[in-house]
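A short write-up of the structure that comes next.
The values are calculated or read from the model by the stated rules, or taken from the named source; none is laboratory data. Note that the coordinates shown come from a computational prediction; the quantities given were computed from them, not determined experimentally. Cβ coordinates were reconstructed from backbone atoms using ideal geometry, including for glycine residues, and neighbour counts include every protein chain displayed. Note: areas computed on protein heavy atoms with side chains; ligands, DNA, RNA excluded. Shrake-Rupley method; radii C 1.70, N 1.55, O 1.52, S 1.80 Å.
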Amino acid sequence: MKERPSVLLVDDSRDMLELLRRYMNNMGLTPFTTNNVVDAIEVLEQGPVDLVITDLNMPDVHGTQLVRYIAQHFPQVPVLVVTGYPDVQVAVDVMKMGAVEFLVKPVTQDELRNAVEKALGANTTPPADEPAGTIGIPGVIGRSVAMQEVFRVIERTRNNQATVLVTGESGTGKEVVARAIHYNSDRSSAPFLAVNCGAIPDQLLESELFGHTKGAFTGATTNRAGFFQAADGGTLFLDEIGNASAAVQAKLLRAIQDKEITMLGATKSQRVSVRLISASNSNLLEMVRTGTFREDLYYRLNLINIHLPALRDRAEDIPLLIHHFNSKFCKEMGKKPLRMSAPVLDALQGYSWPGNVRELENFIHRSVIMKDGAIAMDDLPEAMKASVPERTASKELRSIAEMEKLHIQHVLEATGNNKTKAAEILGIDRKTLREKLK
Ligand SMILES: Nc1ncnc2c1ncn2[C@@H]1O[C@H](COP(=O)(O)OP(=O)(O)OP(=O)(O)O)[C@@H](O)[C@H]1O
Ligand SMILES: [Mg+2]
C-alpha cells in the first residue's frame, strides 16, 4: 500500500461523514469528504483518489449514479458502498456495476478496516514489511500448529463451492477467515456479503435473504432482491447462524440442496451460485441435540469445518500478533513501534485473553494511542500483570515426582534421546532410568 492512500467519503449525513473521517484517519488514510454526488465527481476529476466510500440514499443524485460514473470513468478506483439494509435491491445493482463490497450501517471500524484493506490491497502490492514468520494466508496472522492447520484447510476450499462452517469463541477471527476464503478463491472478484443472522429481526430475515415480490406482505410495494441474489457468483457469509429461525433454516436447506431460491411471495424459484460460509460461537451441535437447530442443515453447512482455537490455546501466536498490531497501528499514527521488555511480553503471553484476538488488538491499539516509546509493566492492567506470578507459582507447586518426570524428559530431549548420556547427566544408572521411564 502506498504511503497515505486518499479516500473520498460521500454521505449526506454529517455525523456519518465525521465518523468515517475519524476511522480513515485512524487507519492512516487521507480522507476527503463531500455530502453529495456532484461534488464527489468534482473531487474525482481533480486529483488522484485511491478509494471511494459512498452512501446510496442521498437527496438529489442517488449514490448508484456515482458508482456507475466511477465504473465508466475511473474503473481502477475501488468503491465501497455503505448503506442501510433496506437498500438491498439497489445494492444488487451497484454490485453488478462494480462496487467492491457493500457494508450495512451501522458499520464498525473493524468491518471498515477489513473492507478497506481488501479494496486497496486488490490494487496495490502488499506491504513489504509483514512480520517475519507470517505464513499462509494474507491478512490472517498466526504460525501455531493450529493456525497452520487452518491455513491448510483454507487452501482446500480454494476452487470449489463447499460450504464452510467456522466456529470458535468471540474474537478468534471467524470473519477474518471467511474473508480470507473468499479472497483466496476463484470468486474473489464477485461480492463478499456478510449477513448477521442475529441482527435482523426474525420475520425480516427470510425476505432479506431471499428477497420478496410485490405484495408478498403488507408494505412490500415492489419486488426486491435479497442477499442471495446480491451475492450471486460470490460468497455469502451467514454470521451467527445459530440465530436463524426454524423457517429460515428450512429455506436455507432447500437453497443449498437445490441451488435455487424462492423469493417470498413468488411461485417460481431462481438459480443462484453462492458459496456459503457460516459462523457461530454457540455450540451448534448442542443445538442439534436439543432440537433447536436442524441436523440436516448442520451437516449441509458444515461440509468443511474450521475451528479457531481460543488465543490462550495458541499462545505462540501472541508475540506475532502483538508485533503485527504494534507495527500496524504505529504506522497509521506515524509513530515508532512501542518497545516491550521480556517480562511484559511474558505477561501478555501468559494472559488468558478472554476476548481473544479482538481483545489483544484493542489493547495494543489503546497502548499505541496512550503511550510513547514503550509499554512498561506498570502500564498493564492488574489482570495481565497477575498472569506472571501465577505461571511461576504453578511451576513451584508441582510435586517432586512431577518435577522429576519433567526433568528427565528435558534431559532426554537435550541428549537427542540418548539414554546412556541422559543417565550419566542425571547421575543414575541406565537400569534406574529405564524403570523411571516406565
Ligand atoms: N489471525 C488474525 N490475524 C489478524 N487479525 C485477526 C486475526 N484474528 C482476528 N483478528 C482481528 O481480530 C478482530 C476480531 O476478529 P473477527 O471479527 O474475525 O472475530 P469473530 O470470531 O468473528 O468474533 P465474533 O464471534 O465476536 O463475531 C478483528 O479486528 C480481526 O481483524
Ligand atoms: Mg464475527
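General remarks:
- All strands (runs of 3 or more DSSP E) inside the range 1-100 with 1 or more residues being open to solvent by 40 Å² or more (accessible area, probe 1.4 Å): 30-34
- Verdict on Lys214 being of a type in the set (D, E, K, R), within 11 Å of ligand 2 (Cβ to nearest atom) and not assigned by TED's automatic domain parsing to the domain that holds Lys96: no
- Across the range 220-239, the number of residues qualifying as out of contact with any strand residue (DSSP E or B) (no Cβ under 6 Å at 6 or more places or on another chain) and within 16 Å of ligand 2 (Cβ to nearest atom) comes to 0.
- Taking the listed residues His323, His365, the one that is open to solvent by 60 Å² or more (accessible area, probe 1.4 Å), farther than 30 Å from Asp258 by Cα and either outside the structural domain of Val176 (by TED's automatic domain parsing) or assigned to a helix (DSSP H, G or I) (or both) is His323, with no other qualifying.
- Residue check, Leu205 open to solvent by less than 40 Å² (accessible area, probe 1.4 Å), at pLDDT below 90 and under 19 Å from Asn243 (Cα atoms): yes
- The set of residues from the range 303-318 being under 23 Å from Arg275 (Cα atoms) and surrounded by fewer than 17 Cβ atoms within 10 Å (Cβ to Cβ) comprises Leu303, Asn305, His307.
- Top-ranked residue of the range 290-302 - restricted to ones that are more than 16 Å from Ser245 (Cα to Cα) and not in a loop (DSSP other than H, G, I, E, B), ranked as least open to solvent (accessible area, probe 1.4 Å): Arg300
- Within the set Thr54, Thr64, the sole residue that is modelled with pLDDT of 85 or more and either more than 24 Å from the chain's Cα centre (by Cα) or over 19 Å from Arg14 (Cα atoms) (or both) turns out to be Thr64.
- Matching residues, the range 162-202, being of a type in the set (D, E, K, R) and within 14 Å of ligand 1 (Cβ to nearest atom): Glu169, Lys174, Glu175, Arg179
- Of all residues in the range 329-362, those being assigned to a helix (DSSP H, G or I), modelled with pLDDT under 95, open to solvent by less than 40 Å² (accessible area, probe 1.4 Å) and under 23 Å from Met27 (Cβ atoms) number 3.
- When the range 220-246 is limited to residues that are away from ligand 1 (no atom under 16 Å from the Cβ) and β-branched (Val, Ile, Thr), the one that is farthest from the chain's Cα centre (by Cα) turns out to be Thr221.
- Residue within the range 162-182 that is open to solvent by 40 Å² or more (accessible area, probe 1.4 Å) and away from ligand 2 (no atom under 14 Å from the Cβ) present: no
- Residue in the range 247-257 that is assigned by TED's automatic domain parsing to the domain that holds Tyr298, without any contact (Cβ under 8 Å) to a residue 40 or more places away in the chain, away from ligand 1 (no atom under 16 Å from the Cβ) and farther than 22 Å from Ile304 by Cα present: no
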